[in-house]
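Data block below; observations after.
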Amino acid sequence: MSEFLNQFKQLTATGYLFWVLAILALLSAVWVVTARNPIHSVLALIATFFCLSGHYILLNAQFLAAVNIIVYAGAIMVLFLFTIMFLNLRREDEESKTNLTKMAAVVVGGLLMVMLITIFRAKSAQVPTFNPVSFDSRTGLVENLGSILYSDYILPFELASVLFLVAMVGAVMLGKREAGDRHF
Amino acid sequence: MDLTVLLVKGLIILVIFGITLLIATYSTYAERKVAAFLQDRLGPNRAGPFGLLQPIADAGKMFFKEDFIPAQASKWLFILGPCLAMLTALMSSAVIPFGDSIRLAWDGTNYDIPMQAIEINIGVLYIFGVVSLGVYGIMVGGWASNNKFSLLGAIRAASQNISYEIALGLSLIAILMMTGSLSLRAIVNEQATFFEWNVFTQPLGFIIFLTCAFAECNRTPFDLPECETELVGGYHTEYSSMKLGFYLFAEYINMFVSSAFISSLYFGGYHYPFMNAVHDGLTGSLGEIAGHNIATAIGTVVFFAKIFFFIFFFMWVRWTIPRFRYDQLMNLGWKSLIPLSILNVVVTGAGLLYDIKYTTWLIVVVMVVLALTSNARAPKSQAAPQRA
Amino acid sequence: MNTSYLPSDYLPVLIQLLLALGFIVTTMIVTHSVGPKRKSQKKDDPFECGIPVQGDARTPISIKYFLIAILFVLFDVEVIFLYPWAVNFKGLGLTGFIEMILFMGLLLAGFYYVIRKGVLKWE
């Protein structure tokens, strides 16, 4: 215990921020899963994304932090909120939470956790630690990111547009109502 | 960042925060006075000289109203809605560069502290992020009220905001291509000379951005989320006391902040013609430090003059243009503004490849010609449709 | 101009956040405590222009709004892709321009399909 306290005292300001953000992220993530009201879940998920963006900023990945907020918290969560508003929440929809689905969720989540732990423990995946000599604070900035994305990773980028095309067509196919159909 | 700089930054934030609230408060007064002026009335003139105390009286009234929560509403979400709207509005002012820099002498060295709460590399993305979060306050509040009008208003507001957000983002791209930086201060400094102001190089982008700013603030002619004739009060039908006040207040803060963004993105921010001559003259006659600080102050005053003009413009439009119909609103956003802003990006890019900055005037000229010829060809009877 | 680009640049955001939160919470508490409180059954009902409340407000709504939201997500990601491109535009030159035209062309083809299918048509 005293060893832990000593370690805690040795932390820098960044270290404290990391712990605060990590704890907040975990708490809000737990809230996402446990909240009864799906709107609360969505709001908690937004809070989780904010904590993750804080982590990105601590890692000096500023562009990624902003994109995380704009795309995940600002766009995808709006879509989630729309979907939830479509559902009639008054009807207690317990049928979607059968024991089978709960079991499946636990198994899938557990497998993911095992996979992540093995990845992080693997020798080949060891991430290099902070090195003040080779450290360049501009690495994660938008200028560098852009020049790499649009020269070395141009194929994935162009393929992403094909993905968008497919997603658009898919959304239209699923959601389009012919003239005269009811719209809900 | 050492503690002194952080303290000064904290002070700047506090001042900007106070100014934001003050301007938002007096925007309500200005709105009523401008409306009165445009409609040949007097406007508020009872509370204090020229009715100047009216906003304070209004705020007091708001505080002493009953803080009403409908029985069928989701209580915490109902409270959270206006708080979120206010929070996003208050956070957005952080990256605006209000002036050049304050110069302080300390131990013989000069420290230049920029007149900006946070000077970050991704300023434009910060705005974009805060704008994209603005939907939640309205959506959460409208849904939590459990009222049909509120829900309809909230959904309208959300679809409108997200539709115009795309065109807003796309119209900014052209500026970024010319500047090559996401920092707002860099964008402002790029416009140091008068004819380099982005409104001259990007006329179409400016019009698209202005339209989208109106839509994002839910101002007339885009105020469908709260249109009285169809939806009573829209998303804030069930709200009372300061919770309603927060929604209204957030709208005025957003108006102030978008005016500030329009001025700094397209109208040179704190720059004005012959600025360098004024700066050199002042530092020459008053000394390095005092002269620089006074020059900064003049720049800030100029910046605020630009902001006030745009706030007035928001109000002017409100009493001039009628509200859109919903299909017109969506068609304008998706079928006109998005293709136009993509065209704007492409034409700007093609011009920049040959180092020509003013290519987008081409689109403007073509559009004006098209508009004039199509107007001449339009049959007269369509202008005044007969009633069935 | 700032040239160090460190995470500490973002500390003022925390100050602003705390200030904004403090203002909001104080205002909410004050307005909650000073106003009067009178309850009645009719008053607590949702407002429906004075007639008795019919059914629940939270009914399903038109799928158009949902499609708009999906399209928004797609286009938002596209705009995000444009930001690093625009910042590097002068460095990338003609190659970058052609790359982006290709990307936009595919996306606009999808957009044209969406418009032709009448998804954005409101009646």
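How many residues does the stretch B:1-26 contain that are part of a helix (DSSP H, G or I) and either at pLDDT 90 or above or more than 9 Å from chain C (Cβ to nearest Cβ) (or both)?
15
Per this entry, A:Ile84 is not counted among residues that are in a helix (DSSP H, G or I), of a type outside the set (Phe, Trp, Tyr) and in contact with a Gly (Cβ under 7 Å, 6 or more places away or on another chain). Just so you know, in the stretch B:40-67 the residues that are buried (at least 19 other Cβ atoms within 10 Å of the Cβ) and in contact with a Phe, Trp or Tyr (Cβ under 8 Å, 6 or more places away or on another chain) include one that is farthest from C:Thr31 (Cα to Cα), and it is B:Pro44. Give the residues of the stretch A:1-60 that are assigned to a loop (DSSP other than H, G, I, E, B) and not small (Gly, Ala, Ser), sorted by residue number. Within the stretch A:1-60, A:Met1, A:Gln10, A:Leu11, A:Thr12, A:Arg36, A:Asn37, A:Leu59, A:Asn60 qualify. A single member of B:Tyr126, B:Tyr111 is buried (at least 21 other Cβ atoms within 10 Å of the Cβ) and among the aromatic types (Phe, Trp, Tyr), and it is B:Tyr126.
Answer with yes or no whether B:Ser101 is away from chain A (no Cβ under 14 Å), in a helix (DSSP H, G or I) and within 22 Å of B:Ala260 (Cβ to Cβ).
No, not satisfied.
Looking at the stretch C:93-109, which of the residues that are surrounded by 21 or more Cβ atoms within 10 Å (Cβ to Cβ) and at the interface with chain A (Cβ under 7 Å from one of its Cβ atoms) is nearest to the chain's Cα centre (by Cα)? In this case the residue turns out to be C:Leu107. The residues of the stretch B:27-77 that are in a helix (DSSP H, G or I), in contact with a helix residue (DSSP H, G or I) (Cβ under 6 Å, 6 or more places away or on another chain) and away from every other protein chain (no Cβ under 14 Å), listed by number, are B:Ser27, B:Thr28, B:Tyr29, B:Glu31, B:Val34, B:Gln54, B:Pro55.
Go through A:Lys97, A:Lys176, A:Lys123 for me and flag whichever is charged (D, E, K, R) and modelled with pLDDT of 70 or more. Break it down into steps so the answer makes sense when it comes.
Working: A:Lys97 fails: modelled with pLDDT of 70 or more; A:Lys176 fails: modelled with pLDDT of 70 or more.
Among A:Lys97, A:Lys176, A:Lys123, only A:Lys123 is charged (D, E, K, R) and modelled with pLDDT of 70 or more.
Answer yes or no: is there a residue in the stretch B:145-156 that is aromatic (Phe, Trp, Tyr) and within 16 Å of the chain's Cα centre (by Cα). No: zero hits.
Can B:Ile321 be described as in contact with a Pro (Cβ under 8 Å, 6 or more places away or on another chain) and either among the aliphatic types (A, V, I, L, M) or modelled with pLDDT under 85 (or both)?
Numbers: in contact with a Pro (Cβ under 8 Å, 6 or more places away or on another chain): yes; either among the aliphatic types (A, V, I, L, M) or modelled with pLDDT under 85 (or both): yes.
Here the answer is yes, as B:Ile321 does meet what is asked.
Quick one: which of C:Ile70, C:Ile63, C:Ile15 is within 7 Å of chain B (Cβ to nearest Cβ), buried (at least 17 other Cβ atoms within 10 Å of the Cβ) and at pLDDT 70 or above?
That would be C:Ile15, the only listed residue that is within 7 Å of chain B (Cβ to nearest Cβ), buried (at least 17 other Cβ atoms within 10 Å of the Cβ) and at pLDDT 70 or above.
Among residues of the stretch A:138-149 that are more than 7 Å from chain C (Cβ to nearest Cβ), those with a Cβ under 6 angstrom from a residue that is outside any helix (DSSP H, G or I), sequence gap 6+ or separate chain, pair up as A:Gly140/A:Asn60; A:Gly140/A:Ala61. Against the conditions (1) under 30 Å from B:Asp223 (Cβ atoms); (2) in contact with a strand residue (DSSP E or B) (Cβ under 9 Å, 6 or more places away or on another chain), B:Phe267 satisfies every one except (2).
Exactly one residue among B:Ser132, B:Ser150, B:Ser163, B:Ser93 is in a helix (DSSP H, G or I) and either acidic (Asp, Glu) or at the interface with chain A (Cβ under 10 Å from one of its Cβ atoms) (or both), and that residue is B:Ser132.
Does B:Ile127 qualify as being assigned to a helix (DSSP H, G or I) and of a type outside the set (Gly, Ala, Ser)?
yes
The values are calculated or read from the model by the stated rules, or taken from the named source; none is laboratory data. Here the structure is a predicted model, which is why all the values come from computation and not from measurement. Cβ coordinates were reconstructed from backbone atoms using ideal geometry, including for glycine residues, and neighbour counts include every protein chain displayed.
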